[in-house]
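Every number in this text was worked out from the coordinates using simple rules, so none of it is lab data. Everything quoted here is computed from the prediction, not taken from an experiment. A quick note on method: Cβ atoms are made from the backbone with ideal geometry, for glycine too, and the neighbour counts reach across all protein chains shown.
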């Protein structure tokens, strides 16, 4: 009987032994929990890096938000198989469009990341974390939040303004959509906060003081505050660190050219897949969309396009957009702010302020760089039209065209989109279902 | 009350008292009690010495040991349903006792998880399939073999690709987010059937159950209701499939079995597209209908600047390049036998299968070792171990433009296959199909799987035994790809990837089993046990880009390399017990209870409790029916219980998490990725089942009827949260779902003479699934084809309903649900779903002298399929020039008065842009699943050549299908990789039609 008992106890042994290693206690190895996320300088810096990474998402500056800006207008047309992109091309969006909901949600997750930093960074207890670093990180977060709300406002109109980070699903209850004016006011407030926190250095991949000025100039352009638009444009134009490059292709071929104010950098491990939607199958892409015939002839016409013809490439008889082309290395930048835009903002602001010669001077700076002849329109009307056309070519594949035509209320005349309800995107149906505080844009 | 308590006390102490009467002049007798006809061990047989209180019961293999006095004794073996036998034992110490069935009752032993039971004494619903019922279908995996054989078990193969995904559903789907696959137990080891390959295959999956060699299988028992599955607690809600593999029998000489077969498969139907001139003609029509002028139509004479007239367009056939008559071959070899104390089974198989669509293939090389040994009079040990290696060459298809089928069927036929310089021509988003077939010789998945269980069983007291199981399930999967520069995905200089995935789980179990009989009338079995399990997942992957040339395929030769690795772990700890009491072989009571704790949930919600109870009344055992010869068995049973589900959520779903890897400027970044929910807990399903078993006419006719209802609460759900919070969803226990159904099966011996036998088995089941509560609808798949919404069933299609094509204008008229005069998303509605109204199978088997013939049909009725091939290829012109047309497009409206449901060709309006129900089709089918004809040579002939048996056979699979579905195969699903999407057909490999010739012999 002794052996029997011995073996019994041997068999029962694992019970006790294994309980002590406790199969029920596991910690995630790929993630950290909320309370580990913000403890010192390194984790605060990581959170900011993550917020920039959110800007790069496919649904945001990585592709789809930019595509919303060009597909709805007349520079780029849909030629692929995803009919949710076709809806943009045809200006026939429905509220269940997955690209619309993807972009909406990607922008708000960027905002939540920024909100964490804004709320927490100043109180991080780490002796190695200097006040100036804390200020810089918080300032960059304010800038990113400003950019995110600006992008929401110009695409959807007024949106819910969430200024604190999310703790539970009940947060934000009762916060409905603000008006467009309130949303732009929030953008301005965030930019002003950022101005006081950010250093005056040149870094083309992160937010600095002059990045804030540049976005502020664009904001004033959208809100038609011409004097401020001109003033803030000037602040950037006059800065030594930013110049128009010669020829146009320089800023495409070289990353972080002096032309660039803010571009999102990618690398082999953190790849930009935007090119795959422009390139044809023979170059590894899917040609989901391509430049319109009209755009192709405009950029190829030396009188209008000049040396901007590099925007269109050709392979095996297929013409394609060639701004994003680094399919092998995957490190095409996403262009957010370039100095050329600031010239054209100031040109437009000056035209509205009836400084026609100053306006023409700025316009011609961009034209000269592109290798086309200077022009000197005699009326404000002609000048504004010339600026509109110049912007069309200068930013042909950069997602400005649609927002420009909506901003100037020209989308009906130029694109034939006469239904003004179609000038803003629908609030995603899925979010309308999930959020009782949301109200759909009219017409959807 | 006193009587009950004293009775319970008696039960508990009865074996102990008998043990205590042992005196010094005693000896041990051990032995096995088996069924005289089938030879299997009988569990729970009462072994006693008449006139004394000494006695014991046999364990689940029929083994017993008993201490008896030195002198000659008489042993009595009694077992309900069998004739009692008495044996005089003089000086033997080991016995083999065969018991014969009483009243010619066929006693089937059913594996009920941790124990075995006779079928008549079940209180729950379990379908059993033995090896000889399984047709010799050349299937790669065991789950596919169940098709049409078990009532209430729906099996569909999602693709005809070898080793591809199989959909198995036991009594409907209970979960939206968590998985709906049943739990698979192989020889006591709960095995993983999660996807191990990381390859993006356009929606296809790789079936992990193909790691098991189907010919090793002895029987498959499918536990369907809560009373049967509650013993598996937290993982029992979707049913449990218990697979038992072959073992040796004691005191049997070695038997060598060898089988080989060769098979040829081909596609029963092939894709068809319009010819080059038809495509051109349709494109011209689009141009005119869009308001374009006749002079500027795209296909006008070259002299006028066009692409040539339609009738001048060539037609290049791509589709024939895709398909092949695919050979496959299979060898299996096993040896089984046993001595008094040792039993063994050693087996292996080698099989190769090629795909009917090039260039896919599947191969398996597996071995199995099952071994049991009685060490001494109280200890036995054993193992069930299998190792297998699978190799797959996979071609992408389904939902990817770089798939081989897509590249052949979507490209307009007038486009040449090669460029003028001889290189592969590519169009639009599509690759070149020949390049995919010829240049992708490295798209391999290699799997290595080890499933092993080692046990020791100890008889502590007579009737009381303790078993300890130690098991591992180890799966290693290596994906290796090289995309050459000839392919779109290999641009610009070649892309290679290697991904290694490792699933590892260990399980330790202790099970205490107690069997006792008190007198002739009381029969009690109880088990108590615990389980610990830890599951880990590791993956590392490497990508290399830019190769010096296509001859270099290893990442080491590339210039740009990136790598990553990830992993996760979870644990499960459980206690369980099961008590089964039988009174007079008439009244049966069953109680089950399991407590499970999972590391996936917060500490406060870690434990889940899963009770179940069942009763059965064998009316045929009552005096008033005993003498009715007509009725052999009549049993009513009822049970109720609770089971759970925790699969499908990630291992840390309850925590608020930040994720790394969100990098920028080559610096590591973190972002919030998941909102925490400390209240997260199991899904729980409450289920009741009522069953009737009837056998009449000397067992010639048997039928079984079950009615059940399952109600799942606290569905693990990714509940959408307002996006303004920066998250899309939070995992919560929200929502409820019900499944109600009825299952009927019938087994009939139509003719049974010595020369000719004919049996029929038939089963049919109906399950009604309803999402009873869901906070907001959830959509799935790229264009939201599938929508889950309160009040509807799972797998519902969300579409615009096309009422007609206006005979005057040729435009589609859609139903304006809200009557606002325009067609908006508010008019999109649910129209049908992918679940069948009923399904089942009918199996006829004939034998005449040495010939046997088996005919198995299976059917599904009322299931819908959304034909995405039609959605994309009857596009009315919106993809003109980049995607061609199906011949169905030719039925379009052309002139006023035309009555058709294919609208006018145009890119304007919404004729072709809306996801409409035009392409939603009834996919009901009746299929001749298998037809087999075999001949077993007469015994004297085979013995003269030194064999024990020899059978040659022919087997045909999928020889005939009756369906109105217009696609190639009504059974497929192209979106297997997206959870809870069914019934989508897009460029899928159809299930092959196969003829097979084989030989089985033994000696």
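At-a-glance table
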item	result
Label point distance in nm, residue A:314-residue B:87, each placed 7 Å from Cα along Cα→Cβ	9.5 nm
Proxy reagent accessibility, fewest Cβ within 10 Å first, across B:525, B:900	B:900, B:525
Relative packing of A:281-290, B:801-810, which averages over residues the other C-beta atoms within 10 Å, highest first	A:281-290, B:801-810
Per-residue mean of C-beta atoms belonging to partner chains within 10 Å, peptide A:275-285	5
Exercise: per-residue mean of other protein chain Cβ atoms within 10 Å, B:770-776	1
Per-selection metrics, region B:626-668 (Cα): Rg and Dmax in Å	28.7, 87
Translational diffusion of chain B, µm² s⁻¹ [Kirkwood Rh, Cα pairs; Stokes-Einstein; 37 °C; 0.692 mPa s]	105 µm²/s
Separation of the residue A:200 and residue B:556 label points, Cα + 7 Å toward Cβ, nm	5.7 nm
Residue order, fewest to most surrounding Cβ atoms within 10 angstrom, among B:899, B:842, B:381, B:984	B:899, B:381, B:842, B:984
Largest-first principal axis extents of the Cα set of region B:446-498 (Å)	74, 11, 9
For region B:632-649 and region B:652-728, distance of Cα centres in Å	19 Å
Shielding by partners - mean other protein chain Cβ count within 10 Å, residues of A:78-90	4
Residues residue B:808 and residue B:829, FRET efficiency given R0 of 30 Å [Cβ-Cβ distance, rounded to 0.05]	0.70
Whole-number percent relative contact order across chain B, with pairs defined as alpha carbons under 8 Å at least 6 apart	12 percent
Size of region B:193-288 as Cα extents on the principal axes (Å, biggest first)	82, 41, 27
Isotropic mean projected area of the C-alpha convex hull, region A:389-444 (nm²)	4.8 nm²
Percentage, to the nearest whole number, of Cα pairs in region A:40-168 over 25 Å apart	35 percent
Convex hull volume of region B:317-451 per residue (C-alpha atoms, cubic angstrom)	110 Å³
Solvent-free Debye scattering, log10 I(q)/I(0), computed from the Cα coordinates of region B:916-977 at q = 0.23, 0.26 Å⁻¹	-0.97, -1.06
At 1.567 mPa s and 4 °C, Stokes D of region B:610-729 from Kirkwood alpha-carbon radius, µm² per second	67 µm²/s
Region B:859-1003: Rg to Rh, with Rh as the Kirkwood radius over Cα pairs	1.25
In degrees, nearest ten, helix B:2-20 long axis to first principal axis of chain B (Cα)	80 degrees
Order by protection proxy (mean Cβ within 10 Å, highest first), peptides B:26-35, A:212-221	A:212-221, B:26-35
Relative contact order, percent, region A:39-118 [alpha-carbon distance under 8 Å, six or more residues apart]	39 percent
Protection-proxy order for peptides B:390-396, A:380-386, B:862-868, each taking the mean of Cβ atoms within 10 Å per residue, highest first	B:862-868, B:390-396, A:380-386
For B:518, B:527, order by how many other beta-carbon atoms lie within 10 Å, fewest first	B:518, B:527
P(r) weight above 33 Å for chain A, C-alpha pairs, percent	39 percent
In degrees, nearest ten, helix A:180-197 long axis to first principal axis of chain A (Cα)	80 degrees
Relative contact order for chain A, counting Cα pairs under 8 Å that sit 6 or more residues apart, in percent	18 percent
Between helix B:276-289 and chain B: long-axis angle, C-alpha atoms, 0 to 90°, nearest 10	60 degrees
Largest to smallest principal axis extent of the C-alpha atoms in the protein assembly as shown, angstrom	129, 80, 63
Surface/4 of the Cα convex hull for region A:275-332, nm²	3.9 nm²
FRET efficiency estimate (nearest 0.05) - Cβ-Cβ, residue B:679 to residue B:818, R0 45 angstrom	0.75
Cα-only radius of gyration and Dmax that characterise region B:502-625, units Å	27.0, 87
Pairwise label distance in nanometres, residue A:238 with residue A:173, each label 7 Å out on the Cα-Cβ vector	5.2 nm
